[in-house]
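Asker: Below is a structure I'd like to ask you about.
The values are calculated or read from the model by the stated rules, or taken from the named source; none is laboratory data. Fair warning: this is a prediction, and the values are worked out from it, not measured in the lab. In this analysis, Cβ positions are derived from the backbone assuming ideal geometry, glycine residues included, and neighbour counts consider all displayed protein chains.
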Amino acid sequence: MKIALIAHDRKKDSLVEFAIAYKNILQQHKLFATGTTGQRIQDEVGLNVTRFRSGPLGGDQQIGSMIANNDMDMVFFFRDPLTAQPHEPDVTALVRLCDVYHIPLATNMGTAEILLKGLQEGFVDWRLIQERRKE
Ligand SMILES: O=C(CO)COP(=O)(O)O
């Protein structure tokens, strides 16, 4: 499965901790990330990640494009609800596309844990069916 990892600055530590905790699951999948988030995941967790541009520089839209092309299976986007983002329209657009294309999306640690464990336990059937259709 293709998984996107994104975090606003104040949530990057949490996403790194999450990735460390669930490295054994995440390393089984193809990982994609916005620039700075991806760099931290590579450096501090040792996972291979395809890095796009930094979120504010278009990285969110690049991941959004994969979603729109039915080429992303799950998104972990640790958003900071307490800090205004200069690229809020990009954030909103990415979240909206997840809903348009029924892509599982976790925006916080609690949901992320359930989503990733559910993936590991085989509960994410719908996306697997979509993935098989692309073959
Ligand atoms: O701002 C972001 C997502 O909206 C994250 O971008 P970076 O990973 O480049 O910091």
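Asker: May I ask you to list the residues in segment 1-35 that are within 11 Å of the ligand (Cβ to nearest atom) and either part of a loop (DSSP other than H, G, I, E, B) or among the β-branched types (Val, Ile, Thr) (or both)?
Answerer: Correct list: 6, 8, 34.
Asker: Only residues that are in contact (Cβ under 8 Å) with a residue 24 or more places away in the chain and not in a helix (DSSP H, G or I): list them for segment 114-135, please.
Answerer: 124 - this is the single residue of segment 114-135 that is in contact (Cβ under 8 Å) with a residue 24 or more places away in the chain and not in a helix (DSSP H, G or I).
Asker: Out of everything in segment 73-92 that is among the aliphatic types (A, V, I, L, M) and more than 13 Å from residue 56 (Cβ to Cβ), what residue ends up being nearest to the ligand (Cβ to nearest atom)?
Answerer: Checking each candidate, the answer is 75.
Asker: Scan segment 41-59 residue by residue and report those that are of a type outside the set (Gly, Ala, Ser) and either more than 8 Å from the ligand (Cβ to nearest atom) or not in a helix (DSSP H, G or I) (or both).
Answerer: 41, 42, 43, 44, 45, 47, 48, 49, 50, 51, 52, 53
Asker: Sort through 92, 83, 111 and tell me the only one that's polar (S, T, N, Q), farther than 16 Å from residue 3 by Cβ and part of a helix (DSSP H, G or I).
Answerer: Just one listed residue meets the conditions, 92.
Asker: Taking the stated definitions as given, is residue 62 assigned to a helix (DSSP H, G or I), in contact with a strand residue (DSSP E or B) (Cβ under 9 Å, 6 or more places away or on another chain) and either at pLDDT below 95 or buried (at least 16 other Cβ atoms within 10 Å of the Cβ) (or both)?
Answerer: yes
Asker: Within the set of pairs 6 or more residues apart or between chains, which connect a residue that is farther than 13 Å from residue 15 by Cα inside segment 30-53 to a residue that is β-branched (Val, Ile, Thr) and more than 12 Å from the ligand (Cβ to nearest atom) with Cβ atoms less than 9 Å apart?
Answerer: So the pair list comes out as 30/3; 30/50; 31/3; 31/50; 32/3; 32/50.
Asker: Within segment 60-72, can you find the residues that are of a type in the set (Gly, Ala, Ser) and away from the ligand (no atom under 13 Å from the Cβ)?
Answerer: Residues satisfying the conditions are 65, 68.
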